[in-house]
Amino acid sequence: MPETALVWFRRDLRLTDNPALQQAIARCEHVLPIYIWAPDEEAPWQPGGASRWWLHHSVTALSAQIEALGSRLIVARGDSLAVLQRLIQKTGARHCCWNRLYEPAIVKRDTAIKQALRSAGIHCTSFNAALMLEPWQVKTGADAPYRVFSPYWRRCQPQLDDIGSPVPAPAALPPITDEIDSLPIDDLNLLPRIRWDQGLAQTWQPGESGAARRLERFLTGAIEHYGEGREYPGQPGTSALSPYLHWGEISPRQILKAIQERGLAKQSDSEHFIRELGWRDFSYQMLYHFPHTPLEPLNPKFASFPWRQDADGTLLRCWQQGQTGIPIVDAGMRELWSTGWMHNRVRMIVASFLTKNLRLPWQQGARWFWDTLTDADLASNTQGWQWSAGSGADAAPYFRIFNPVRQGERFDPEGIYVRRWCPELASLPDKLIHQPWQASPTQLQQAQLVLENDYPVPVVDLSTSRAEALAAYEQIKQNN
């Protein structure tokens, strides 16, 4: 009797190099592709607003791809185990395949589902589709997880040759003959009711084909100068592949193979980029082995850090809305709100400003990023914020406090980035674009700029707030 396999799509929204799909096709005559919307199972990190926007369009794109191959994507909502059990009963499926995720709540859920299905006689198999190397594959000589990136990456590199080549998408999928109900994707209510998403739609094309185009653009352009170009937010110097990687519309293995096929793998700029893929793996390793870190500092002494009291949330709102009076910070926060993405150099600047100049808890920044980023990846988001706050693995020392004015002058010297996202400052000369409060009355008049009216003055003094941050750090050092 022909066998049936369920293929449970999650954040692997592609047909190319999808090991769960490949396994199902190889083992069974009938394949049932399914997507289940069950956000409460990811609590407390249910997908935020920008993530839900991306997910709507990505699942829509995947559904169209599957239909073009002769099948259809079954879309459901509710308890994942109950949905799987119902489909197994309906179809008589004896196999269930999925690709692994690594967030603590999802690991716990998937483990329980696998145990329940196996106890019912279902063959359950899961695969790595998201990382170059899985969190348990790279250990120190003492069989412990790495907490510093450089030795971790040295240990990884010899293993990269063994991760294999991506497998092409299937040429066809078997049709679904059973009468199986499927929700319209619109019924998942993933899109915002108040349509704030115009900037996202103008910036991104979610889906596997969008990922392929973004990769091609990068490999024929910015990768040649990636080592230096990635530092300048006013220039197209990065890959902007992070949302596609997060949603599994492209795999790290596909990216590595494409770099190798172009003969770029040994070039220093490509090595810089591959190292960033390694940092992403490292972040997943940290999350997997230290599952408390999305909410708590890895370094326990930071649990007693004397954060500033912002009782009415005024400072946090100024930061969220790009109204701090510090141009490079405000430009980054406005880019984030408009596009669901922020240049990595600017992510570090705005995180340093929040945790050190405003001295607000990094968890507040991480939560805002979680809701507004299209690449809201729990591992990378956690690692990035703990790094900036000085409390995580391989973290920047707390006393390393970015001066946002100097950072802007160095990495946006002509003010291209600031002028794009803070157009009220556009007429200021380059030497004042990153510190408009230094402009004379005549210069402000020439720029048609009225501070506190058209653009805010800084919410904190950079020098004073830096000194206060260092004093706070000395306090926890003494306490510990």
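The values are calculated or read from the model by the stated rules, or taken from the named source; none is laboratory data. Since this is a predicted model, take the numbers as computed values, not measurements. FYI the Cβ positions are ideal-geometry reconstructions off the backbone, even for glycines, and counts take in every protein chain you see.
State yes or no: is THR111 among the hydroxyl-bearing types (Ser, Thr, Tyr), farther than 30 Å from ALA201 by Cα and touching a residue at least 40 places away in the same chain (Cβ under 8 Å)? Here the answer is no, as THR111 does not meet what is asked.
Against the conditions (1) touching a Ser or Thr at 6+ places or on another chain (Cβ under 6 Å); (2) farther than 30 Å from PRO306 by Cβ, VAL459 satisfies every one except (2). Summed over region 187-212, the residues that are surrounded by 13 or more Cβ atoms within 10 Å (Cβ to Cβ) and more than 19 Å from GLY48 (Cα to Cα) give a count of 5. Only one of the numbered conditions (1) at pLDDT 95 or above; (2) of a type outside the set (D, E, K, R); (3) touching a Ser or Thr at 6+ places or on another chain (Cβ under 6 Å) is violated by TRP307, and that is (3).
The set of residues from region 233-250 being assigned to a loop (DSSP other than H, G, I, E, B) and either assigned by TED's automatic domain parsing to the domain that holds GLU335 or among the aromatic types (Phe, Trp, Tyr) (or both) comprises just one member, TRP247. Within region 17-39, the set of residues being within 21 Å of the chain's Cα centre (by Cα) and in a helix (DSSP H, G or I) comprises just one member, PRO39.
Residue check: LYS301 meets all listed conditions (1) of a type outside the set (Val, Ile, Thr); (2) over 23 Å from GLU468 (Cβ atoms); (3) assigned to a helix (DSSP H, G or I) but one, namely (2). Whenever a residue of region 261-277 is assigned by TED's automatic domain parsing to the domain that holds ARG230, its partners that are among the aromatic types (Phe, Trp, Tyr), lying with C-beta atoms within less than 7 angstrom and at least six residues away or across chains, give the pairs ASP269/TYR226; HIS272/TYR226; PHE273/TYR226; ARG275/TRP153.
Taken together, the residues in region 424-455 that are assigned to a loop (DSSP other than H, G, I, E, B) and closer than 30 Å to PRO397 by Cα amount to 3. It is to be established whether one or more residues within region 81-96 are within 26 Å of the chain's Cα centre (by Cα), at pLDDT 95 or above and either surrounded by fewer than 21 Cβ atoms within 10 Å (Cβ to Cβ) or part of a helix (DSSP H, G or I) (or both). No: zero hits. The number of residues in region 181-192 that are out of contact with any Phe, Trp or Tyr (no Cβ under 9 Å at 6 or more places or on another chain) and either in the same structural domain as GLY48 (by TED's automatic domain parsing) or at pLDDT below 95 (or both) comes to 1.
Consider ARG420 carefully, then state whether it is under 28 Å from the mean Cα position of the chain (by Cα), surrounded by fewer than 17 Cβ atoms within 10 Å (Cβ to Cβ) and in contact (Cβ under 8 Å) with a residue 40 or more places away in the chain.
Numbers: under 28 Å from the mean Cα position of the chain (by Cα): yes; surrounded by fewer than 17 Cβ atoms within 10 Å (Cβ to Cβ): yes; in contact (Cβ under 8 Å) with a residue 40 or more places away in the chain: yes.
Yes: the conditions hold for ARG420.
Within region 40-57, can you find the residues that are under 15 Å from the mean Cα position of the chain (by Cα) and either in a helix (DSSP H, G or I) or not assigned by TED's automatic domain parsing to the domain that holds GLY78 (or both)? So that I can check it myself, show each step before the final result.
Residues of region 40-57 that are under 15 Å from the mean Cα position of the chain (by Cα), as a first pass: 45-55.
Hits for region 40-57 are GLY49, ALA50, SER51, ARG52, TRP53, TRP54, LEU55.
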